[in-house]
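Here the structure is laid out as structure tokens; the discussion comes afterwards.
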Amino acid sequence: MQEIRDRVILQNNTITPGMTYSSLSAYKQQILNDFNNRPNYENEFRIRAATRLVELAKLQSGQHVLDIATGTGLAAIAAAMVVGSTGRVLGTDFALGMLQQAQQRIEVLGLTNTKFEEADANEQELQSSQFDAILCSSAIAYLIDIPTSLRRWHNALKPGGVVAFSCLAENSPTASVLFRTVVKRYGITIPNPNQLLGTPKRCCQLLEMIGFKEIEITTEQLGFYLQNAEDAWAGNAKSAFGLQDVKWSNEQLEQCKQEYFKEINQASTEEGYWNDVTMFFVTARKPSEKVT
Ligand SMILES: C[S@@+](CC[C@H](N)C(=O)[O-])C[C@H]1O[C@@H](n2cnc3c(N)ncnc32)[C@H](O)[C@@H]1O
């Protein structure tokens, strides 16, 4: 029962009535289990996604930027380079393992305009009209109530300020869609975390409803060939949208894993398995105050 309730949280990326504190904290713990143990988090894909988001946010020198769920600080540090010594960047995340890596990087780079703080984005209190830009790179799908978070970010932006986040198409990454399909045959239904913002239209509708204007969505293919099905299985299984809380025997687990490998192999060519990653880079503006 607990397992079902934990998974219900993510059904629509909004808090479901009846959610208990323990199931919310179990979900949080699963994210922490995943991200606090990632010494090799950064790779070409992650760097490309974060730097592209910052590019599309069109930041300017002197601006005050918040990077929500900053992880190892990829977007925050790229933003810090743009806003320069007259600007400021705050990166927040609740995974200390990730923040430690971010902190080490700014020390090595000697960046004095950037700081990192521990904060749970689901509970983060933000003052009104504080930031010129709020970024959230490859992380919004983890939030338990995306509309509420976006409303808070809207309030925390100065008039004319920009929100910029990246999210995935509902049928991406295909290696994860396949993972959910296979585990479903074994009785485990994992809701799609990319459902709520899974099309440009849905992104637009939600942002408009909240009051954002000048919404721009850039769709890019960040896919790559997977050479190693074992890594794809492990990445999916240990994620918060995976099998962390599933109590299977080793035999059951192995059987499901082998079925996944079989599906991956069947869909592979000589180059490997094409893992389609269709990413939406979304930017939108809080309207400027009317001059009367
Ligand atoms: C895929 S990583 C993205 C990190 C970084 N933004 C990037 O572009 O590389 C997801 C990050 O979201 C963080 N995260 C997930 N839910 C969060 C929450 N409720 N509050 C703060 N951080 C959260 C995780 O700890 C992790 O560092």
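The values are calculated or read from the model by the stated rules, or taken from the named source; none is laboratory data. Note that the structure is predicted; figures quoted are calculated from it, not measured. Ideal geometry is used to build each Cβ from the backbone, glycine not excepted, and the neighbour counts take in all protein chains shown.
Let's see how each residue does on (1) within 25 Å of ALA95 (Cβ to Cβ); (2) not β-branched (Val, Ile, Thr):
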| site | (1), (2) |
| --- | --- |
| PRO200 | no, yes |
| LEU222 | yes, yes |
| TYR225 | no, yes |
| GLU230 | yes, yes |
| ALA240 | yes, yes |
| VAL246 | yes, no |
| Right, GLU123: surrounded by fewer than 20 Cβ atoms within 10 Å (Cβ to Cβ), more than 13 Å from the ligand (Cβ to nearest atom) and farther than 18 Å from ALA75 by Cβ or not? | no
| How many residues are touching a residue at least 40 places away in the same chain (Cβ under 8 Å) and either part of a helix (DSSP H, G or I) or in contact with a helix residue (DSSP H, G or I) (Cβ under 8 Å, 6 or more places away or on another chain) (or both) if we restrict to the stretch 164-179? | 11
| field | Looking only at the stretch 182-232, and only at residues there that are among the charged types (D, E, K, R) and assigned to a helix (DSSP H, G or I), the one that is surrounded by the most Cβ atoms within 10 Å (Cβ to Cβ) | value | ARG202
| message | Condition (residue is of a type in the set (Lys, Arg) and at pLDDT 95 or above) applied to the stretch 56-79: is it met by at least one residue? | response | yes
| message | Suppose the filter is within 16 Å of the ligand (Cβ to nearest atom), of a type in the set (D, E, K, R) and touching a residue at least 40 places away in the same chain (Cβ under 8 Å); does ARG151 pass it? | response | yes
| said: Just to be sure I understand, how many residues within the stretch 181-222 are charged (D, E, K, R) and in contact (Cβ under 8 Å) with a residue 60 or more places away in the chain? | reply: 5
| said: Here are the criteria: (1) more than 30 Å from LYS201 (Cα to Cα); (2) in a helix (DSSP H, G or I); (3) not β-branched (Val, Ile, Thr). Tell me which single one ASP245 does not satisfy. | reply: (2)
| note | Of the residues in the stretch 45-100, those that are polar (S, T, N, Q), surrounded by fewer than 18 Cβ atoms within 10 Å (Cβ to Cβ) and either within 19 Å of the chain's Cα centre (by Cα) or closer than 10 Å to THR114 by Cα (or both) come to THR51, SER85, GLN100
| request: Could you run through the stretch 81-98 and say how many residues are within 14 Å of the ligand (Cβ to nearest atom) and closer than 22 Å to VAL163 by Cα? | output: 6
